[in-house]
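Data first, discussion second: the structure below is written as structure tokens.
The values are calculated or read from the model by the stated rules, or taken from the named source; none is laboratory data. Just so it is clear, the model here is predicted, and its values are computed rather than measured. Here the Cβ positions follow ideal geometry from the backbone for every residue, glycine too, while neighbour counts run over all protein chains shown.
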Amino acid sequence: MPSTATATSASAAGMAAQETERDHVVIFPFMAKGHTIPLLHLAVALSARGLRVTLVTTPANSPFIRHHLPSCCHPAVDILTLPFPHIDPLPPGVESTDGLPSLDLYPAFLHATALLRRPLQHLLTRLLGGAARPPLCLISDFFLGWTLPLCRRFGLPRLVFHGMSAFSMALCKSLWVHQPHFTSAASGDHRLPIHVPGTPPSLLLTLTEVPDAIRNAANTDDPVTQYLNELVDSDISSWGMVVNSFAKVDGDYVRLLESFYRGGARAWLVGPLSLFAAPESHAHECLKWLDGKDRGSVVYVSFGTQVHVPETQLDEVAHGLVQSGHNFVWVVRSESWVPPDWVEKRGMIVRDWVPQRDILGHVAIGGFVSHCGWNSVLESLSVGVPILTWPMIAEQQLNAKHVVELLGAGVRVGGAEAGEIIGREEVAKGVKEVMGGGEKGGKARERAAELRRVAAAAVAEGGTSDRALEELLEELRRANSNVVREFWKEEDQAVVAGEAKHAELHQDGIPIA
């Protein structure tokens, strides 16, 4: 009969052997909350299918990831941290875009993330060097386009993640390619309708609905534009795309999106990814406050983490919310704005991080005033909550158009001009509408409820997103079995291995209960 020590060693060896036999995926999110959260949910979905997942991040971002992962029920997710480069003028310790004191520092932040290339090379050396079965792929963010050359060196398929819908991505790519055409067509009048090549004739945009980065594409003096231009080739040369969306919402735009990629790369619609993860179930004070409110009587308000909303606009929002007659939960990022005393008698103002999915899913919530970041859109529609769209930056204008005009699950507030101060009367009118006080609002509520059912069906066993995720894994397994990988020449391997000994790499095994 074997000794206890022998039996324990055999058990450990067996577990190690099982670990090496599991399919393995490496995920590297961009250091922004809106880009990180859906990839955490993807890690949960992959782990639920029995895969081993490695999440790559930096030390200051690790606590956020560690905090959000334990809510799932799958143990095979590890975190590996790379040292974040500290460069001027970035403040020490700022490793995520929501920590930037000003968006003027965004170009410096992008430059800092590009300096993570060598540490990632060390990490991949460690992961691949002694692996009997190398990872199936690396899934990395669009903003981390420098990961593609590393993936090629190691014979590793790279899937790109944009954090956008297929609709917005397809339009952005078409607009980028045809930028001189639509700029000249709309010169002098930003309200002049523009037809985006490749889209239905009925889909028209105005120049104000085109993201700033695309309108600014010809300005080579702008550092963000320069960075985006450098990312184009790595994006369209990727093995494929992972899209946080589902067929009923985005299926019509997949073919157009794929047409901009090389080598037959596919776009895999595997969302809403938030539905693959269990609710966060934080005992936040706003959830307790909502417990005392009637069903569908409260409006939730959030403008995301990236935009500074002027205090004059916050004043108008405060007055408009009170004039609407509805209770509200309002997430305010400004640390300096002081609301009038009477405002919080009608609702609740929160200034810290909130469990948004739990709030939107609460029975008391009847509408969402949103900046229309794609994560927020999906989280709202996935629980059947209509949206009062208030887009501000990036592709949010396109998301708002998608929600209101194509999906019919929201209503619009204000015009399309960036920086426009929307008055309290219009805010009040919009809130009343989205809460069911008019014909448009009523139809939006019905459509949102329908999309909730469709979203749940998409991620259920046999649903379109469930099948897409399984088909993606099967394609990756075939790609790995058909390719003999020559990771690097022997002399390069020796050099990289020597460098890896001195790399500052840290691992947190996350047992997810």
**Complete:** Checking Asp294, Asp315, Asp252 in turn, the sole residue that is over 18 Å from Ser376 (Cα atoms), assigned to a loop (DSSP other than H, G, I, E, B) and acidic (Asp, Glu) turns out to be Asp294
**Request:** Being aromatic (Phe, Trp, Tyr) and at pLDDT below 95 narrows it down to one of Phe246, Phe276, so name that one.
**Result:** Phe276
**Fill in**
Only unsatisfied item for Ser274, checking (1) closer than 30 Å to Leu105 by Cβ; (2) assigned to a loop (DSSP other than H, G, I, E, B); (3) in contact with a Lys or Arg (Cβ under 8 Å, 6 or more places away or on another chain), is (2)
**Message:** Looking only at residues that are among the charged types (D, E, K, R) and surrounded by 11 or more Cβ atoms within 10 Å (Cβ to Cβ) in segment 214-228, which one is nearest to Phe143 (Cα to Cα)?
**Reply:** Asp222
**Fill in**
Being at pLDDT below 90 and either in contact with an Asp or Glu (Cβ under 7 Å, 6 or more places away or on another chain) or assigned by TED's automatic domain parsing to the domain that holds Val242 (or both) narrows Ser102, Ser71, Ser3 down to just Ser71
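A quick yes/no check of all residues on (1) touching a residue at least 12 places away in the same chain (Cβ under 8 Å); (2) under 19 Å from Asn244 (Cα atoms):
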site	(1), (2)
Met348	yes, no
Trp353	no, no
Ala364	yes, no
His371	yes, yes
Ser376	yes, yes
Glu379	yes, yes
Val385	yes, yes
Leu388	yes, no
**Complete:** Screening Ala112, Ala108, Ala166 for residues that are buried (at least 24 other Cβ atoms within 10 Å of the Cβ) and either of a type in the set (Gly, Ala, Ser) or assigned by TED's automatic domain parsing to the domain that holds Ser238 (or both) leaves only Ala166
**Prompt:** Can you name the number of the only condition in (1) at pLDDT below 95; (2) out of contact with any helix residue (DSSP H, G or I) (no Cβ under 8 Å at 6 or more places or on another chain); (3) farther than 28 Å from Val249 by Cα that Leu314 fails?
**Reply:** (1)
**Message:** What are the pairs with Cβ atoms under 7 angstrom where one residue, in segment 413-438, is in the same structural domain as His326 (by TED's automatic domain parsing) and among the basic types (Lys, Arg) and the other, located anywhere, is surrounded by 20 or more Cβ atoms within 10 Å (Cβ to Cβ) and modelled with pLDDT under 95? Sequence gap at least six, or different chains.
**Reply:** none
**Asked** In segment 295-303, is there at least one residue being surrounded by 18 or more Cβ atoms within 10 Å (Cβ to Cβ) and outside the structural domain of His362 (by TED's automatic domain parsing)?
**Response** no
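Let's see how each residue does on (1) polar (S, T, N, Q); (2) more than 18 Å from the chain's Cα centre (by Cα); (3) closer than 18 Å to Gln226 by Cα:
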{"residue": "Pro91", "(1), (2), (3)": "no, yes, no"}
{"residue": "Ser102", "(1), (2), (3)": "yes, yes, no"}
{"residue": "Leu105", "(1), (2), (3)": "no, yes, yes"}
{"residue": "Leu110", "(1), (2), (3)": "no, no, yes"}
{"residue": "Pro119", "(1), (2), (3)": "no, yes, no"}
{"residue": "Leu128", "(1), (2), (3)": "no, yes, no"}
**Item:** Only one of Thr58, Thr97 that is under 24 Å from Pro119 (Cα atoms), of a type in the set (S, T, N, Q) and touching a Phe, Trp or Tyr at 6+ places or on another chain (Cβ under 6 Å)
**Value:** Thr58
**Prompt:** Is one or more of the residues making up segment 345-353 surrounded by fewer than 19 Cβ atoms within 10 Å (Cβ to Cβ), assigned by TED's automatic domain parsing to the domain that holds Leu321 and under 20 Å from Leu39 (Cα atoms)?
**Reply:** yes
**Request:** Would you be able to say whether some residue in segment 317-336 is assigned by TED's automatic domain parsing to the domain that holds Met392, among the polar types (S, T, N, Q), at pLDDT below 95 and within 26 Å of the chain's Cα centre (by Cα)?
**Result:** yes
**Message:** Gly155 - would you say it is at positive phi, of a type in the set (Gly, Ala, Ser) and either crowded, with 19+ Cβ neighbours inside 10 Å or in the same structural domain as Lys33 (by TED's automatic domain parsing) (or both)?
**Reply:** yes
**Message:** Here's a check for you: in segment 253-284, which residue that is in contact (Cβ under 8 Å) with a residue 24 or more places away in the chain and charged (D, E, K, R) is nearest to His68 (Cα to Cα)?
**Reply:** Glu280
**Prompt:** What is the number of the single condition among (1) modelled with pLDDT under 95; (2) in contact with a strand residue (DSSP E or B) (Cβ under 8 Å, 6 or more places away or on another chain) that Ser140 does not meet?
**Reply:** (1)
**Item:** Residue under evaluation Leu148, criteria (1) modelled with pLDDT under 90; (2) within 18 Å of Arg262 (Cβ to Cβ), criterion not met
**Value:** (1)
